[in-house]
Amino acid sequence: MSGRNTMWALLAGAGLAGLSLAAQAREIVPVSHAMTPGSVVISISERKLYLVNGDGTAIRYPVAVGKPGKQWTGATAIDGKYVAPAWSPPAEVKRDNPRLPNLIAGGSPHNPMGAAAMTLSGGQYAIHGTNRPGSVGTWASYGCIRMYNQDVVDLYDRVDVGTRVYMTR
């Protein structure tokens, strides 16, 4: 079974099989040759994530980024990959939203991590799907990068643990 078929089988088991491959928001765009092939570059101002190909192009995905005051910049790497992960709100989120449960099971429609997540080293941030697709394209998170579920599945299949991630203004 191919990686994509395996992913969709896992998503179906997690109750997320209704995701559509047809509703893809990503596109191929030209980029500077100075960008390292295989890296992920996130532009806060554009609210876009770029997966850099080695041929002068990148796959561009729309994303939600951190709210003003919750944004960060710099370099990190993907340190974990998870399908339909459970979610525990970080302390800051829990403080601002005390009614949140301490844990939301993976696959739950209330889980903000969506279909998949790639955690980032050095903090409590991740690139992940969302249960609020209307937030993609906005400044909505506490520093995480939200993607449409079909796009996070696509990116998940294309990157590995250790992939470099650059957050820019």
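The values are calculated or read from the model by the stated rules, or taken from the named source; none is laboratory data. As the structure is a prediction and not an experimental result, all values here were calculated from the model. Every residue, glycine as well, gets a Cβ built from its backbone with ideal geometry; the counts of neighbours run over all protein chains shown.
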| said: Being at positive phi, surrounded by 22 or more Cβ atoms within 10 Å (Cβ to Cβ) and not basic (Lys, Arg): is that true of Gly162 here? | reply: no
Q) Before we move on, is Gly122 part of a strand (DSSP E or B), touching a residue at least 40 places away in the same chain (Cβ under 8 Å) and not β-branched (Val, Ile, Thr)? A) no
Query - Filter result for Ser108 (part of a loop (DSSP other than H, G, I, E, B), among the hydroxyl-bearing types (Ser, Thr, Tyr) and exposed (fewer than 13 other Cβ atoms within 10 Å of the Cβ)) - result: no
What do you reckon, is Gly137 touching a strand residue (DSSP E or B) at 6+ places or on another chain (Cβ under 8 Å), small (Gly, Ala, Ser) and farther than 13 Å from Ser88 by Cβ? yes
- Is one or more of the residues making up the stretch 95-102 buried (at least 18 other Cβ atoms within 10 Å of the Cβ), aliphatic (A, V, I, L, M) and farther than 16 Å from Val152 by Cβ? no
Going through (1) charged (D, E, K, R); (2) out of contact with any strand residue (DSSP E or B) (no Cβ under 9 Å at 6 or more places or on another chain); (3) within 16 Å of Tyr50 (Cα to Cα) one by one, Glu92 fails only at (3)
Of (1) modelled with pLDDT of 95 or more; (2) surrounded by fewer than 18 Cβ atoms within 10 Å (Cβ to Cβ); (3) more than 20 Å from Arg47 (Cβ to Cβ); (4) not hydrophobic (A, V, I, L, M, F, W, C), Pro90 satisfies every one except (1)
Pairs returned, first residue in the stretch 26-39 that is free of Cβ contacts under 8 Å to residues at least 24 places away in the same chain, second residue that is surrounded by 11 or more Cβ atoms within 10 Å (Cβ to Cβ) and among the aromatic types (Phe, Trp, Tyr), beta-carbon separation under 8 angstrom, 6 or more apart or interchain, are Met35/Tyr50
Taking the stretch 125-169 and keeping residues part of a strand (DSSP E or B) and touching a Cys at 6+ places or on another chain (Cβ under 9 Å) leaves Ala126, Ile127, His128
All conditions in (1) assigned to a strand (DSSP E or B); (2) touching a Lys or Arg at 6+ places or on another chain (Cβ under 6 Å) are true of Asp79 except (2)
Note on the stretch 48-71: residues assigned to a loop (DSSP other than H, G, I, E, B) and not charged (D, E, K, R) are Asn53, Gly54, Gly56, Val63, Pro68, Gly69, Gln71
